[in-house]
Amino acid sequence: MKPISGSPVLTVSSSPHIHCGRTIKGTSLQILLALLPAAGFAIWHSGIPALRVLALSCVVAVIAEAGCLKLMKRKIESDNYTALLCGLMFGFLLPPSSPWWMVAVGSSLSVIIGRMVFGGLGGEPLCAPLVGWAICKVSWPELMNFDMSMLTSELAYPLSQLQNFGPETLDEYSLKSLILGFQLGGSGAAQSGAILLGGLYLISRKIIRIDIPLAFVGGISVAAALFYTMSPVDYALPVYHILCGSTLFGAFFLATDSSSSPVGHIAMIAYGFTAGILVIIIRVYGAYPDGVPFAILLANLMTPLFEKIRPKPFGGITNVHLQR
């Protein structure tokens, strides 16, 4: 900031006074780069339909954000790629066979209701792509059902078979096939191996912290292990819960959304662990085979409570000092 002529020696400018060099645009590009392998695997498995869903979702999200910013008489900032990222993540959750109108409605609502209603980027209390997904899931359950909407596919939906026929049906799926994405699910969310690589890349680049993904997977592992210990005949091993469905996508990309997740280390661990336990509870007792999106939405609602978990300020007055 240039000093004003005739001003005192010290000029005070607005914060931040020290910048780490990280920008919203750069962070969005890093996350988009981390999602590219999963997008490639999705197109490899499902072909043009997956590409159509992902591309349309991205385009609609960018247009929806630009339209909202225009109505709000604010500067259009589509070049920061946050709307593009929101659209891509929403497309990752949809079946490749989704009709174009449902993709357009869900992607636009992810931006309008999930973000812009709360003031735009940084103000949303819920993970924006999950808002659009939840609306589509409740409004058009048949089209969002992977078994019903992808009858022509040679692949199967392991979590649906687990819910309907028991864990013995999972024996036909090798861990290698699940890692390579040979399963029905969201266009990109089911590509477990590629998602894992992208998540590890984000952690190595310090775009996200390891606290939430590790606690999320840990919550799923502990809860699934408890159920499996009680009755191995009725419940699956934790490794299947981790590799099937959108578990890893939720752990690395959805639960770590900066606007809807807590900040402190202890709060992050509690948040991720709670979301992981909710996933297993929904899968065991709920009507939805996957449960990851709804579990993360519920954890988002509890974020203000987790934010209250804070360390005591250094040098602050505590009850012990007051008693002296």
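The values are calculated or read from the model by the stated rules, or taken from the named source; none is laboratory data. This one's a predicted model, so the numbers in the text were calculated from it and none came from an experiment. Every residue, glycine as well, gets a Cβ built from its backbone with ideal geometry; the counts of neighbours run over all protein chains shown. For accessibility, only protein heavy atoms count, side chains too; no ligands or nucleic acids. Shrake-Rupley method; radii C 1.70, N 1.55, O 1.52, S 1.80 Å.
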*Would you list the helices (runs of 4 or more DSSP H) that sit entirely within the stretch 255-317 and hold 2 or more residues that are over 30 Å from Met148 (Cα atoms)?*
265-285, 303-307
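Got a number for residues in the stretch 214-231 being out of contact with any Gly (no Cβ under 6 Å at 6 or more places or on another chain), touching a residue at least 24 places away in the same chain (Cβ under 8 Å) and not small (Gly, Ala, Ser)? First the steps, then the outcome.
Our first condition is that a residue be out of contact with any Gly (no Cβ under 6 Å at 6 or more places or on another chain); within the stretch 214-231, this holds for 214, 217-218, 221-231.
Pick out the ones that are also touching a residue at least 24 places away in the same chain (Cβ under 8 Å) and you get 214, 217-218, 221-224, 227.
Those left that are additionally not small (Gly, Ala, Ser): 214, 217, 222, 227.
Summing the residues that are out of contact with any Gly (no Cβ under 6 Å at 6 or more places or on another chain), touching a residue at least 24 places away in the same chain (Cβ under 8 Å) and not small (Gly, Ala, Ser) in the stretch 214-231 gives 4.
Within the stretch 91-110, is even one residue crowded, with 24+ Cβ neighbours inside 10 Å and touching an Asp or Glu at 6+ places or on another chain (Cβ under 8 Å)?
no
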*Any idea which of Leu121, Leu85 is closer than 25 Å to Ala299 by Cα and modelled with pLDDT of 90 or more?*
Leu85
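Within the stretch 271-302, work out how many residues are surrounded by fewer than 21 Cβ atoms within 10 Å (Cβ to Cβ) and either under 16 Å from Pro213 (Cβ atoms) or not β-branched (Val, Ile, Thr) (or both).
11
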_Restricting to the stretch 208-243, give me the number of residues that are assigned to a loop (DSSP other than H, G, I, E, B) and crowded, with 19+ Cβ neighbours inside 10 Å._
3
*Gly40: at pLDDT 60 or above, under 30 Å from Leu151 (Cα atoms) and more than 22 Å from the chain's Cα centre (by Cα), yes or no?*
no
*Among residues of the stretch 164-192, those that are touching a Gly at 6+ places or on another chain (Cβ under 9 Å), buried (at least 18 other Cβ atoms within 10 Å of the Cβ), in a helix (DSSP H, G or I) and not hydroxyl-bearing (Ser, Thr, Tyr), counted*: 1
*Within the stretch 73-82, identify whether any single residue is over 18 Å from Gly186 (Cα atoms), modelled with pLDDT under 90, in a helix (DSSP H, G or I) and open to solvent by 80 Å² or more (accessible area, probe 1.4 Å), and answer yes or no.*
yes
